[in-house]
Structure formats: C-alpha cells, structure tokens
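Enquirer: One structure is given below, represented as structure tokens, and several questions about it will come after.
A short reminder: the numbers here are calculations on the coordinates, not readings from a lab. This is a predicted model, so every value here is computed, not measured. Reconstructed Cβ throughout: ideal geometry from the backbone, glycine too, with neighbour counts over all protein chains shown.
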Amino acid sequence: MDVGLVGIGNMGSGIAKSLLRAGHRVTAYNRTRARVDALASDGIQVAATPADACRGEAVLTILADDAAVESVVFDDNGILGALPQGGLHVSLSTISVALSDRLAAAHASSAQQFVSAPVFGRPDAADAGRLAVVAAGPPVSVDRCKPLFEAMGPKLMVVGEKPSLANVVKLSGNFLIASVLESLSEAIAFVRKSGVDPTALMDFLTSTLFNSPVYKTYGSLIVEGKHEPAGFAVPLGLKDVRLVLQAAEARSVPMPIASVIRDRFLTAIARGNQHSDWSVLGRIAAEDAGLPTTKKATA
C-alpha cells in the first residue's frame, strides 16, 4: 500500500521501518524533518506538511498526545482538509476517548473513514515488527488496514465498530502496566531493605507466579536501575493515567489506584525524573524507603 505516516518519534521510526520491510511505500511527515531524513536510506519519502502525507491509500498518525493529533488533523494543511472523500485516517496514538469520538465525527462529516488502532509495545518492538494492535472502526475500513497491522506485529484485536473503543482498551492496558510498575517498585524496595537479593527474587517470580513480558521487562529495569534513556517517558505515563481517570469519570467509574499512580508520576517529575522511563517509579520507591539509588545522565 501507499501510505502516509505522520510522526517519526521513538515509535513512529520503528513503525515506518516495519512498513517498509513489508513492502509498503511510506511518505512521512515529522515536525523535526531530520528524523524523516534519517530514514531516507530505508526508502522513506519526505512530506513537507501533514497534508502532503495524505496522497496515498491511507494516512497513519503516531503522536504523543491529544494536542499533537489535533494540530495535524484540524490545522491548516492538516489531514482533515487534505483527505479526499473515502480517504482513510488511522490513528495509532494513545489519545483520549473524547478526542477519538471527535475525530470519528469530523471524518464522517467529510465522508472520510477513521480507524483507531493504538499499539502496545516499546520502541524495540516497533523496530522489530512485534507490536500488538487494538483496532476499532467500520469493518470495511479495518479490513483495509489489516496489511498494515500485519506489518507492525503478529497480534491484532478488533474491538468493534466505534473507534474510541480501541482507545478504551489501550488506556486500560496502560493503566494496568502502570499498576504493575508501582507494585513492582514497592515490592522490590521492600525486599531490598529486608536483605533479600532482588535479582534472585525476580528470577524466581517471573519464572513461576508472574511469568509475563511486563513483569520480566520492567522487573529487570527496576532491579538494575536502568531508567535512562526512556523507552516511554514519565510525562507520557502521567498523561495516560490522566486520560484513564478522565474517561472513567465520564462513565462514573471510580479508579482509586489510578489516582495513586498519577501522584507517583507527579512525584517522579517533581524529583527531576521527567526525562526518565516510567519504570523510574522503582527509583521513587527506593528513595522513599531510604535506599541508595543511582541516576544516570540523560543524553
């Protein structure tokens, strides 16, 4: 397929490479053009504006937050004004449920198609084509996207026809990951201060009770104190937990643990960890317990 891609950050770069490896033709836009130019040797084409990325069969957006997505969709030279009737916008970003509903309505009013398809996975998974995709939208539109999703990773969950349902799933998943980060951080601080080897403990737990990638990946990062450079930075974690709380409040769903985790991310930022990976909650728990920690310089 001929596709446009808006957003060449940590995740967008890997997604672009995966699409190119699968034989798709990619024209990309990024606010910092050097990020697109760095992929020229892989075969990527450069778009001067988001509108210039809308000339293929679909345009994909992978951006940090609601404000960034709103800008590239609704501003002058944006996606909404550039897509033709029947054109397809696929949002891979972790955005609010409310914005997803707004995008669906705006594209429908312009006789365009919209699919929400946020992805699970860190930048290394994006590079390797091992992301998991959660998609929602009109069935015909989702089917059009399947060759793209297959290039990104082996796992696809189609939630339903309402695009924002995919964002509900994505936010729920990120909330669960953040909950694991906090509980791991507290447990590791507890065993360290009690004199138990945390490496041995995590080897045992992740081969028995908690044999899953989330516990293995983040348990290792917390035990080793490897929070820089960030695969997923603290402000993004804070943003996602806020979006969970916002969407839950709209549905009258109390989420007290999410409120605690929001405050833990705020603590991390207040202590100067805004450029660290969200696994830095391990450092926060260790500091609270009076344990020695190390902080590596960021690039």
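Enquirer: Run lengths n ≥ 4 of DSSP H only: what is the helix-derived mean residue ellipticity at 222 nm for the chain, with -39500 (n - 2.57) per run over all residues, to the nearest 500?
Expert: -16000 deg cm²/dmol
Enquirer: So in the chain, what percent of DSSP beta bridges are antiparallel if you round to the nearest 5?
Expert: Antiparallel bridges make up about 15 percent of those DSSP assigns within the chain.
Enquirer: Could you give each residue of region 9-25 its phi-based ³J(HN,Hα) in whole Hz, using Karplus coefficients 6.51, -1.76, 1.60 with θ = phi - 60°, and x for Gly or Pro?
Expert: Coupling constants for region 9-25: x, 4, 8, x, 4, x, 5, 4, 4, 5, 5, 5, 4, 7, x, 7, 9 Hz.
Enquirer: Please report the spacing between the Cα centers of region 261-280 and region 97-115 in Å, no decimals.
Expert: 33
Enquirer: For region 2-162, what does the relative contact order come out to in percent, with C-alpha contacts under 8 Å and a separation of six or more?
Expert: Averaging sequence separation for qualifying contacts and normalising by length gives 21 percent for region 2-162.
Enquirer: Along the charge dipole of the chain, Cβ charges K/R +1 and D/E -1, which of Val59, Pro163, Ser220 sits furthest on the positive end?
Expert: Farthest towards the positive end: Ser220.
Enquirer: Would you mind checking which residues have amide H under 5 Å from Gly160's amide H? H placed 1.01 Å from N; only 5 or more apart, or other chain.
Expert: The list, which skips near neighbours in sequence, is Gly137.
Enquirer: In region 206-288, which chymotrypsin sites (Phe, Trp or Tyr not before Pro) fall in coil by DSSP and have 14 or fewer other Cβ atoms within 10 Å?
Expert: Listed in order of number, the matching sites amount to none.
Enquirer: At a 10 angstrom cut-off on C-beta neighbours, averaged per residue, how do the peptides 152-162, 132-142, 86-96 rank from highest to lowest?
Expert: With the highest mean Cβ count within 10 Å placed first, the list reads 86-96, 132-142, 152-162.
Enquirer: Now, a different point. Calculate the translational D of the chain in whole µm² s⁻¹ from Stokes-Einstein, where the hydrodynamic radius comes from the Kirkwood formula applied to all Cα pairs, the temperature is 10 °C and the viscosity 1.306 mPa s.
Expert: Using the Kirkwood radius from Cα pairs, D works out to 79 µm²/s.
Enquirer: A further question follows. Name the long-range amide H neighbours of Arg130: under 5 Å, sequence gap of 5 or more, or other chain; modelled H, no Pro or chain starts.
Expert: For Arg130, whose amide H was placed from the backbone, there are no distant partners under 5 Å.
Enquirer: To test your reading of the geometry: what angle, between 0 and 90 degrees and rounded to tens, separates the Cα axis of helix 213-224 from the longest principal axis of the chain?
Expert: The two axes meet at around 50 degrees.
Enquirer: Amide H of Ala58 versus every other amide H placed in the peptide plane: which residues, excluding those fewer than 5 positions away on the same chain, fall under 5 Å?
Expert: Gly4
Enquirer: Same structure, new question: State, as an integer percentage, the relative contact order of region 107-214 based on alpha-carbon contacts under 8 Å between residues 6 or more apart.
Expert: 21
Enquirer: Moving on. Short version: ³J(HN,Hα) in whole Hz for each residue of region 129-146, in order, from phi by Karplus 6.51 cos²θ - 1.76 cosθ + 1.60 (θ = phi - 60°), x for Gly and Pro, what are they?
Expert: Those phi angles translate into x, 10, 6, 10, 10, 10, 10, 8, x, x, x, 5, 5, 4, 4, 4, 7, 4 Hz.
Enquirer: Let me ask another. What does the charge count around Val6 come to, taking other residues whose C-beta lies under 11 Å from its C-beta (Lys +1, Arg +1, Asp -1, Glu -1)?
Expert: Local net charge: 0.
Enquirer: Also, quick follow-up: Of the listed pairs Lys155/Lys216; Lys17/Lys170; Lys17/Lys226; Lys155/Lys193; Lys170/Lys193, which have alpha-carbon separations greater than 30 Å here?
Expert: Beyond 30 Å between Cα atoms: Lys155/Lys193; Lys170/Lys193.
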